Amino acid sequence: QDEEKWDFILVSDIHEVGSEKEIKRKKFLDELSKKGFTIKKIEEKKLFYGVRAPKQIFRKYQWLLRNPDSRLQNPDVHQDVPVTTRIRIVNFILQNTMTPDLEKLDDLIKKKVFEAAFPLHEKEEVREFLKEKWARWRDIFSQQPIEKIRCYFGEKVALYFAWLGWYTYLLGIAAVVGLVVFVAGITVFNSSQVSKEICEASNTIMCPLCDQKCPFWLLSDTCTYAKVTHMIDNEGTVLFAMFMAIWATVFLELWKRQRATVVTNWDLYSSGEESQGLKGWQSSDGMEHMPSVYGFSPPRCPPPQIAVLIGIAHALVIYRVIATALFSQSNSEFLREQANTMAVMTGAVLHYITIVIMTKINRRVALYLCDLEKPRTFSQRENNFTVKIFTFQFFTNFSSLIYIAFFLGRINGHPGNYVRVAGKWRLEECHPSGCITDLFIQMAIIMLLKQTISNVMEYLVPQVYLPLSPLQSPSHTSHKAGQTLTAVRTPWDVPSVAASHQHPAFSPSAVIQYSFTTIFVAAFPLAPLLAFCNNLFEIRLDAIKMMRLRRRMVPRKTNDIGIWLQVLEAIGILAVIGNGLVIAITSDFIPMQVYKYTYSPCMTENSTDVDCLTGYINHSLSIFRIQDFEPYTKPGLALTGLCCRYRDYRNADDYSYTVQFWHIFAARLAFLILFEHVALCIKLIAAWYVPDVPQSVKNQFLERKHNNLCKELRWVIPQKV
C-alpha cells in the first residue's frame, strides 16, 4: 500500500526535446534520482511527475525535526513518520536540491521549467473524517475538529482555524450587543426631538447642493433621512464604541490563553517556528550543503503603491462630487431629492469594485517587493509579506471610509466661498443632521457585497473550473536511478492537480474584517453581526475548498499566529482612536451635548417642561444672503425670502466662525482625549489582569519537562542495587 503513495507532484509544460527547459528539467530529476527518489511520469496536456522519497531519508530528518525538550531520540531508532512530517521533509529536500547549474526548484519555477510543486490529497481515514464532519454545510454550528485538521494540514492551518473559530465565538457576544443597540435606536426612530424639528421645518429654506440649476430646497424634505441618522447616532452608540474597544482587548487576551492551551497539547508551547523547522544544510546523503548566499537588498518602502491607493480614494471623492451634481440636475424627481444618498450608494459600489481589483494587484506588488528584499528565511519573508499586504489592503479598504468619517463636510467651505475640485466642482456637504449615515451606508454596502458576491465567486469559480480540467491520464512511465520501468497507475485526484493553491493561514481578509468590526463600529453597530454570520459560512467554505477544491498545502509547524498578533494589537489601538474620532467628529453627539448644557431652553430659560434639545436645528444652521453667491453660481429660484440656511456655525455678516463653533471644537477635543485615555486604560488593565498563559498550562509544561528529564537521567545515573 505504501508503494502506491506519492509524496509530491511536479508539474511542467511539454517542452521540445533538446530544449534548454527540457535539459534543466532532466538535470533536476536526475539529482532526485541520485538521492534514491522514485519518479513516475504522467503525460496529458502537461507533464506530471510523481515523487516518492526512500524510507531511510525520514529517519534522519525526523531526528532533525525533534523537539529538544520532549525526549531523547536516537536517529537510528525507527519510528513511524506522520504524513505531515513526511510532506515537510520531502518539500525541504525538493526546495534545497541543486542542479549542476546551481539552480534550485524555485529558480526553475521562475524560469518556467516547472509550473508548480505540491503534495497530493490521500485517501486516508483523517481526510474522510474531515470531509464528512468538517467540510459540510450541515455542520455549520458544530465545533471544529482542530486535532484532525492538525493531523492532515499541520499546526499552522489548524491554528488558523482555531483562531477563526475563537474569533467567531466571541464575535457572537459583540453581535448581540450591537443588535441590541441598533434595535434601541429603532425605538427612538419617531421620538427624537432633532428629527421632529427637521420634519416640521417646512419654512426652512436650504442653500442649493450644486452651482448650476440646482434648486433651493426645504429642510423638511429630508425628514426620513434625519430619522435614520438619529436612529444610528444616539447615546447608545457611544457606549457600544467603548464596549467594542474593551472587547477587542479581551478577545486578544483570551486568544493568547486559548493558543497557549492548544499549543501545549501539541507539545509546541516552548518551541518557535525556527526550532521546528529543518535544521542545518544537511541532505539525505549525509553531506552538508554550503549556506545559500543572499545578496543583501535594503527593504523597499511602498510609498508609490500607497500613493496609488490614495489617488484611487481621491478619484472616488471626485466621482461622488460629480455624481451629486448630476443627480441634483436630473429630470427624475426621486434622483433630485435623493441626490446625496444615490451618490453615496453608487460610490460605495464603485469602492467595492476597486477593492476587488486592487486586492489582486496588492498581492502581486507585495510579493514583488518581498523578492527584491531577498529575505533569508521563510519566516522573514512571510513577515515582510504580511506587513506589506496588510498595509496595502488597509488603505484600499479604508481610505474612502476615512474621508467620509473625518473630512466630508468639513473642508468644503461655505456658500460664497466653496472649496472646489479642479476649480469647477465643489466638495460635498453633510446633511443638517450629520454625516454618520453616509458612513453607515458605505460600510453596510461594502461589507454586504464582500460577504456575498466575493464568497459566492470564491466558491463557484473552482466548481466551474474543475470539471473543465481533464488531467488524469491512462498512460505513464516510471523510472528509478535512471532506469525506465512499468508501474501501476496511481489515482491522482483531479482537485490535487487542477486547482490553484491558496494558503488560508493567515488570511488578510479575516484581519480586514476584524478592522471593519472594531475601527468604525460606532457608525455601524451591525458590523459584528454581519461578520459573525459571514464567519460561520467562511469556516465551512474554507474547509470545503481545502478538502475538495484545492491542492493540499505543505504543512508547517508554528506555535502562534506570528506577526498577525501584533497587527491585531495595532488594530485594537486604532479601534480606540477611530471610534473616538467618529463620535467626536463624525457624530452630532458632542454638538448636541454642548447645546443641551449651554444654549438650550433648559439652561437659558430654566424650562423643565420642554425637551432640552428644542431649537437645536435652528441653532446649528447658519444664514447666507443669496446676493453673496459667486457670479458664476446660478441656482434655481428661491421659494421665499432672500436668505438660505446651511450647516455650520458662522456669523451672518462676515461668515466668520461663531463662539459656538469654538465651544464645540473644544468639547470635541476634550471628549476625544478623555475617551481614548479611558478606553486605553481599560485595555491596559484588561491586558494586565488576564494572564497570557493559564497557570494550568505552565504546570503542565513544567511537569512534562520534569518527566522527560527523569527519563533521560535513567540512562545516565546507574540504578542502585
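The values are calculated or read from the model by the stated rules, or taken from the named source; none is laboratory data. As the structure is a prediction and not an experimental result, all values here were calculated from the model. Using ideal geometry, Cβ is built from the backbone for each residue, glycine included, and neighbour counts are taken over all protein chains shown. Just so you know, the surface numbers come from the protein's heavy atoms only, side chains and all, with ligands and any DNA or RNA stripped out. Shrake-Rupley method; radii C 1.70, N 1.55, O 1.52, S 1.80 Å.
In table form, for the structure just shown:
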{"read-out": "Nearest-0.05 FRET efficiency for H414 and S330, computed from C-beta distance (R0 30 Å)", "value": "0.75"}
{"read-out": "Residue-count net charge about R650 - beta-carbon cut-off 14 Å; Lys, Arg +1, Asp, Glu -1", "value": "-1"}
{"read-out": "Mean Cβ count within 10 Å, highest first, over the residues of peptides 513-524, 382-393", "value": "513-524, 382-393"}
{"read-out": "All aspartates and glutamates inside 19 Å of K711 as judged from Cα atoms, apart from same-chain residues fewer than 8 positions distant", "value": "D69, D76, D267, E703"}
{"read-out": "Whole-angstrom gap from the range 189-229 to the range 540-578, using each part's C-alpha centre", "value": "46 Å"}
{"read-out": "Calculated from backbone phi, Karplus (6.51, -1.76, 1.60) coupling profile of the range 137-152 in Hz, x at Gly/Pro", "value": "5, 5, 9, 4, 9, 8, 6, 7, x, 4, 5, 5, 4, 4, 5, 9"}
{"read-out": "10 Å binning of all Cα-Cα separations within the range 545-623, expressed as whole percents from 0 upward", "value": "14, 22, 18, 14, 12, 10, 10, 1"}
{"read-out": "Built amide H within the under 5 Å cut-off of G416, gap 5+", "value": "E630"}
{"read-out": "Probe 1.4 Å - accessible area at Y657, Å² to nearest ten", "value": "90 Å²"}
{"read-out": "Amide H contacts under 5 Å for C430, placed H, 5+ residues apart", "value": "G409"}
{"read-out": "R257 accessible area, 1.4 Å probe, all protein chains in place, Å² to nearest 10", "value": "70 Å²"}
{"read-out": "Area accessible to solvent at E337, 1.4 Å probe radius, in Å²", "value": "120 Å²"}
{"read-out": "Placed amide H near A116: partners under 5 Å, 5+ positions off or other chain", "value": "V11"}
{"read-out": "Cα→Cβ-extended label distance, 7 Å offset, between T261 and K213, nm", "value": "6.7 nm"}
{"read-out": "Set of lysines with alpha-carbon distance to K424 below 24 Å, sequence-local pairs under 8 removed", "value": "K213, K634"}
{"read-out": "Fraction of alpha-carbon pairs over 18 Å apart in the range 593-689 - percent", "value": "65 percent"}
{"read-out": "Rounded to whole Hz, the Karplus (6.51, -1.76, 1.60) HN-Hα couplings of the range 219-231, x for glycine and proline", "value": "4, 5, 5, 9, 4, 5, 4, 5, 5, 5, 4, 7, 6"}
{"read-out": "Cα coordinate range in the range 364-415, projected on the principal axes (Å, largest first)", "value": "59, 15, 13"}
{"read-out": "The range 697-706 - phi-based ³J(HN,Hα) in whole Hz, Karplus 6.51/-1.76/1.60, Gly and Pro as x", "value": "5, 4, 5, 5, 5, 5, 5, 5, 5, 5"}
{"read-out": "Residues of type aspartates and glutamates that K123 reaches as a straight line, Cα spacing below 19 Å, ignoring anything fewer than 8 places off in the same chain", "value": "D2, E3, E4, D7, D80, E132, E147, D493"}
{"read-out": "Rounded Å value of the spacing that divides the Cα centres of the range 689-708 and the range 236-253", "value": "30 Å"}
